[in-house]
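Before any comments, here is the structure.
The values are calculated or read from the model by the stated rules, or taken from the named source; none is laboratory data. The model shown is predicted, which means the values in this text are computed figures rather than measured ones. For neighbour counting, all protein chains shown are included, and Cβ atoms are generated from backbone atoms with ideal geometry for every residue, glycine included. Accessible surface areas use protein heavy atoms only, side chains included; no ligands, DNA or RNA. Shrake-Rupley method; radii C 1.70, N 1.55, O 1.52, S 1.80 Å.
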Amino acid sequence: MQGLTLCALLALGGCASVPPPDGAMNMAQIQLQAARDADAADYAPVDLGFAQNKFQQAQAAMASRKYEDAANLADEARSDAELALAKARLGAARAKIQSKVDENSRLRERMEQAHPELSGQPSSMPTGLPAAAPTGDMPAPSSSVLQAPLPGAGGFQTVPQDGAPPTDTHQGAQP
């Protein structure tokens, strides 16, 4: 009987020792709002939806005084919201880049219409900049030439300069 009472008290004590995760809930809410402000609904709707659902589950766990579950769900909601925010920022940057590419194309077309003699000719580089070196037949440095992996060596080996067989410099590799 005393063992049962002790187990019940320990179980109740364990539940009471977990404080409400107010900080985790606040951080999740802040990240959710930041994701919404960054137009995550347009650029990352699935990730934003995951974050919102987990936050709602965290709120329900808080209401049920399941603080450990609420803390875990709030952390997951915050992480999902951070991902949605990052994807929204990336999507916005890509849209901005595409807008500039489109604008450049329109300007190029207008320039070619205004000056047909320039059409089909490569644009001249501004003076003061060095000409770019041709890269068509540029060989890689000999130290980066790879050969097939050696059996048991655990990876590719570089070809030595003098034509000698490669040595294994990998620490801990066994033959």
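To the nearest 10 square angstrom, how much accessible area does Glu103 have with a 1.4 angstrom probe?
70
Using a 1.4 angstrom probe and counting only protein chains, how large is the accessible area of Ser17 in Å², to 10?
That residue has around 80 Å² of solvent-accessible surface.
By per-residue mean of other Cβ atoms within 10 Å, what is the highest-first order of 27-38, 77-88?
Those peptides, ordered most packed to least, come out 77-88, 27-38.
Roll a 1.4 Å probe over the protein heavy atoms and report the accessible area of Asp22 in Å², nearest 10.
Solvent-accessible area, nearest 10 Å²: 90 Å².
Students often forget the sequence filter, so: which aspartates and glutamates lie under 12 Å Cα-Cα from Lys87 once same-chain residues fewer than 8 apart are removed?
Of all the aspartates and glutamates, those that pass the test against Lys87 - Cα under 12 Å, at least 8 places apart if same chain - are Asp39, Asp42, Asp47.
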